[in-house]
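The values are calculated or read from the model by the stated rules, or taken from the named source; none is laboratory data. Remember, predicted model here, so these are calculated numbers, not experimental data. Counting neighbours? That spans all protein chains shown, and the Cβs are built from the backbone with ideal geometry, glycine included. In case anyone asks, the SASA skips ligands and DNA or RNA and just uses the protein heavy atoms, side chains included. Shrake-Rupley method; radii C 1.70, N 1.55, O 1.52, S 1.80 Å.
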Amino acid sequence: MVNIPSSMDDPIPPAEVEDVELYHSHSWWTTYVFSQDAKVIAIQYSMTAMAIGLVALVLSWLMRLQLGFPGVFTFIDAERYYQFITMHGMIMVIYLLTALFLGGFGNYLIPLMVGARDMVFPYANMLSYWLYLLAVLILVASFFAPGGPTGAGWTLYPPQAVLSGTPGGADWGIVLMLLSLIFFIIGFTMGGLNYVVTVLQGRTRGMTLMRLPLTIWGIFTATVMALLAFPALFVASVMMLFDRLLGTSFFMPAIVEMGEQLQHAGGTPILFQHLFWFFGHPEVYIVALPAFGIVSDLISTHARKNIFGYRMMVWAIVIIGALSFVVWAHHMYVSGMNPNFGFFFATTTLIIAVPTALKVYNWVLTLWRGDIHLTLPMLFALAFIVTFLNGGLTGLFLGNVVVDVPLSDTLFVVAHFHMVMGVAPILVVFGAIYHWYPKITGRMMDETLGRIHFWVTFLGAYLIFFPMHYLGLLGMPRRYYEMGETAFVPPSAHSLNEFITIVALIVGAGQMVFLFNLFWSVRHGKDAGGNPWRATTLEWQTPTTPPPHGNFGKDLPIVYRWAYDYSVPGAAEDFIPQNQPNDDRISREPS
Amino acid sequence: MHETTKTKPGIALPPLAPGMQGFASDWASDQRAFKNVSWGKAMMWIFLLSDTFVFGCFLLAYMTARMSTTVPWPNPSEVFALNIGGQDIPLILIAIMTFVLISSSGTMAMAVMYGYRRDRRKTAALMLLTALFGATFVGMQAFEWTKLIHEGVRPWENPFGAAQFGSSFFMITGFHGTHVTIGVIFLIIIARKVWRGDFDQEKRGFFTSRKGRYEIVEITGLYWHFVDLVWVFIFAFFYLW
Ligand code: HEM
Ligand SMILES: [Cu+2]
């Protein structure tokens with residue numbers, strides 16, 4: 001499989017890839033602000049994503065306050081509530097998770113893990129960040145625009161998204177939202193092309209695709225998917241912008257609003273739903289696949305065992321990525337489309353469960369009889385597995401048309417997607433930050449604070465979202481500002497809502513512990529050394545920590561083995577770095 | 001520029017296994033998945049793949065709108081006819097536009113060839129000719145837009161039938177025209193660099209500080225041919241359907 005001739009005298013493959021011509025900065029501005037170094041760009045991406053994510057977190061508190069104590073917080077009226085929901089969902093999914101996994105971790109880890117000096121086109125990579133920042137600023141601006149941000153729900157369904165009855169519909173809100181998305185997509189494309197080409201064409205000697213750490217496989221596949229899925233959102237945004245600004249009727253049927261016949265006629269709202277979900281479903285995996293990849297590496301490293309079934313894991317990632325383009329309409333079972341479509345999409349949806357379940361089995365089998373260190377990254381990785389499994393199981397319910405129809409638009413759905421694409425990837429984000437922080441700063445994050453953060457977040461998330469399944473089964477609808485008096489909702493459900501709100505506030509406070517730890521440890525953390533986790537992958541083998549400009553000093557590393565040589569019998573240590581020559585041929589690499 | 005594989009003489013790569021396995025291991029092989037493909041070219045190809053999805057979505061959206069609208073769709077051969085010498089000739093302008101754009105692909109291909117021969121002047125001249133064709137195309141498109149606007153076609157309405165006709169027309173041809181315009185600008189910038197001999201001296205880019213190489217002519221060409229190809233689809237689906 002691997003092209004490196006092992007029987008020949010010279011096991012080092014010849015150099016095919018030229019060295020990146022690095023841009024050497026000369027001033028403070030080009031080193032720290034307009035930097036073309038992927039590592040700096042990664043940190044810029046991450047900090048921006050976390051800052052805007054904090055806004056989304058605060059919005060979730062406000063929503064919960066309203067749901068738990070309706071009528072108490074009078075400044076939250078129905079319109080505000082919808083604006084909060086919309087901005088919360090949109091920010092969390094796109095501006096936080098997508099940007100953090102691909103722009104943040106992608107930028108930091110891809111060049112280091114594949115053994116490159118930088119991304120292939122650092123200048124475009126820099127532009128990517130600045131366009132992302134612009135998109136975020138436009139989004140933030142919509143909070144201050146007349147009429148406030150849009151309240152159309154994160155799905156932005158027309159026709160309501162551009163009508164005056166919806167907050168921001170006839171004002172600036174929806175326009176700024178769509179513009180922000182358009183800039184985000186253009187910016188992402190610049191970065192995404194970089195990530196893909198760096199992985200495909202910029203690897204160091206000996207780094208075959210089948211030796212890439214799974215982190216890179218996850219980020220790579222997710223980026224390819226994003227490059228193919230975001231176009232649908234781009235087109236939908238442009239068309240809706242025209243409907244709103246030029247008065248076209250792509251998505252707008254004939255409508256009477258406040259007794260007045262609008263100018264629109266003949267458009268089809270379902271078209272928007274198709275375009276949106278052709279993007280929207282792959283988007284779920286765009287945040288899930290990097291999480292899958294990262295978790296595989298965290299588990300292998302912290303259980304000191306090679307990942308079980310590496311090849312299978314790679315194929316599962318690729319197959320999930322491909323299948324996720326043919327399941328989108330499971331979000332549209334109640335939209336009135338042809339029932340035969342429902343049958344098709346239910347089938348494909350359930351088929352995706354196969355490679356996904358395979359990954360879960362392989363994680364568990366990796367842990368099996370491993371030397372498990374319950375470090376912070378490991379705790380978060382374990383929490384991810386159970387949470388993802390949990391969310392995945394409710395997904396099987398919702399994938400079936402007959403079960404979905406009554407559950408659709410209830411809190412059951414909210415519980416499901418928070419488990420599977422909210423909490424689960426966020427847990428991986430935390431695990432990954434605790435794991436790579438020592439490489440980025442040279443210091444460890446504080447262990448005690450980290451454990452407090454872990455338990456509050458993990459248990460808290462379950463206390464918040466578990467009861468929501470039950471509320472959903474009772475029939476409590478999603479996206480409702482308040483329930484009022486309803487016969488089918490018992491009073492105990494209201495107390496449950498209060499409980500959820502209180503836990504949500506506590507979990508929110510727990511995140512402040514994390515933020516404090518993040519900044520405090522930059523100066524006060526324990527010294528980490530170059531490779532505190534004794535990990536095999538290339539980023540831990542850099543000459544200095546944090547890695548220098550150009551990552552690897554004078555010579556690029558040469559890779560002799562896969563990323564999972566942990567606890568190899570006969571080896572001096574319980575890990576063998578990827579760049580250690582394979583003289584005694586004890587590697588566990590499958591061939 | 002043909003990148004030579006920098007295989008050290010004397011070391012032969014082991015022969016690939018036949019069939020799917022060989023295919024997979026070739027792809028997964030060391031350092032680069034596509035041998036002999038430079039970074040810039042790989043990036044352009046992948047960008048074009050992504051852009052294909054953009055145009056694909058636009059066209060599918062247009063087809064959906066056309067099929068689901070409640071008012072009859074205007075007849076393209078009538079709407080896009082020109083009155084020349086007292087006679088309505090259907091699609092004549094589009095035919096000329098298409099011809100011009102396809103010719104520009106020919107001149108572009110020649111520019112790429114002369115680029116690899118390092119013939120500075122011919123390359124630059126052919127690129128400028130390509131840009132001229134492109135600009136002519138955009139000019140004729142502007143003429144067509146003006147004509148339709150005079151006849152009362154607007155993004156939100158038109159006298160011939162379904163309002164979505166005007167919306168899709170302006171949106172899709174506009175988006176494609178923007179692509180052509182961007183292409184023209186790039187062609188001019190790069191033709192200028194070729195003319196000055198930047199690529200012979202490997203002069204470094206102003207923003208990127210990368211060495212300039214003749215390959216950029218080919219990469220621009222890829223983009224240009226793509227824009228051309230997309231036009232063929234727009235032509236077929238919008239004007240001929
Ligand atoms: C502390 C953590 C969080 C809390 C307490 C929370 C709470 C909420 C609440 C109360 C809603 C509105 C439910 C309703 O429709 O009535 C909501 C919606 C939503 N949340 Fe979260 N959330 C949290 C984290 C996240 C994360 C990490 C994501 C990332 C994927 C996320 C994505 C969404 C989305 C997509 C919606 C749907 C918005 C819509 O209906 O338009 N949330 N969340
Ligand atoms: Cu889905």
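A few notes on this one:
- Inclusion of A:ALA504 among residues that are small (Gly, Ala, Ser), open to solvent by 50 Å² or more (accessible area, probe 1.4 Å) and under 24 Å from the mean Cα position of the chain (by Cα) is not warranted.
- With respect to the stated conditions, B:PHE235 fails to be within 13 Å of another protein chain (Cβ to nearest Cβ), under 30 Å from B:PRO72 (Cβ atoms) and in a helix (DSSP H, G or I).
- Any hit, the stretch A:206-225, residues being within 16 Å of ligand 2 (Cβ to nearest atom), of a type outside the set (S, T, N, Q) and either under 30 Å from the mean Cα position of the chain (by Cα) or modelled with pLDDT under 90 (or both): yes
- Residues considered: A:ASP446, A:ASP409. Of these, the only one that is near ligand 1 (Cβ under 9 Å from one of its atoms) and more than 14 Å from chain B (Cβ to nearest Cβ) is A:ASP409.
- Within the stretch A:408-417, being away from ligand 2 (no atom under 14 Å from the Cβ) and either under 12 Å from the mean Cα position of the chain (by Cα) or not hydrophobic (A, V, I, L, M, F, W, C) (or both) holds for A:ASP409, A:THR410.
- Restricting the first member to the stretch A:322-345 and to residues that are away from chain B (no Cβ under 14 Å) and more than 13 Å from ligand 2 (Cβ to nearest atom), and the second to residues that are open to solvent by 70 Å² or more (accessible area, probe 1.4 Å) and part of a helix (DSSP H, G or I), the beta-carbon pairs closer than 9 Å and six or more apart or on different chains are A:VAL334/A:VAL405.
Every residue, every condition in (1) open to solvent by less than 70 Å² (accessible area, probe 1.4 Å); (2) in a loop (DSSP other than H, G, I, E, B), yes or no:
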{"position": "B:PHE169", "(1), (2)": "yes, no"}
{"position": "B:GLY174", "(1), (2)": "yes, no"}
{"position": "B:HIS179", "(1), (2)": "yes, no"}
{"position": "B:PHE199", "(1), (2)": "yes, yes"}
{"position": "B:PHE206", "(1), (2)": "no, yes"}
{"position": "B:VAL217", "(1), (2)": "yes, no"}
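- If you go through the stretch B:20-55 and keep only what is open to solvent by less than 30 Å² (accessible area, probe 1.4 Å) and either more than 8 Å from every other protein chain (Cβ to nearest Cβ) or of a type in the set (Gly, Ala, Ser) (or both), you end up with B:GLY22, B:SER25, B:ALA28, B:SER29, B:ALA33, B:SER38, B:GLY40, B:ALA42, B:LEU48, B:SER50, B:PHE55.
- Counting only helices (runs of 4 or more DSSP H) that sit wholly inside the stretch A:207-323, those with at least 1 residues that are under 14 Å from A:VAL162 (Cβ atoms) and open to solvent by less than 20 Å² (accessible area, probe 1.4 Å) are A:214-245, A:269-302.
- Scope the stretch A:454-468; condition within 13 Å of ligand 1 (Cβ to nearest atom) and open to solvent by less than 30 Å² (accessible area, probe 1.4 Å); matching residues: A:THR457, A:GLY460, A:ALA461, A:ILE464, A:PHE465, A:PRO467, A:MET468
- Exactly one residue out of A:LEU133, A:LEU97, A:LEU127, A:LEU67 is more than 14 Å from ligand 1 (Cβ to nearest atom), more than 14 Å from chain B (Cβ to nearest Cβ) and part of a helix (DSSP H, G or I): that is A:LEU133.
- Test: residue in the stretch B:187-195 that is within 16 Å of B:MET127 (Cα to Cα), of a type in the set (Val, Ile, Thr) and surrounded by fewer than 22 Cβ atoms within 10 Å (Cβ to Cβ): yes
- In the stretch B:56-76, the qualifying residues are those that are at the interface with chain A (Cβ under 7 Å from one of its Cβ atoms) and over 29 Å from A:ILE186 (Cβ atoms), and the one that is least open to solvent (accessible area, probe 1.4 Å) is B:THR69.
- When restricted to residues that are touching a residue at least 24 places away in the same chain (Cβ under 8 Å) and facing chain A (nearest Cβ under 8 Å), the stretch B:150-167 contains 4.
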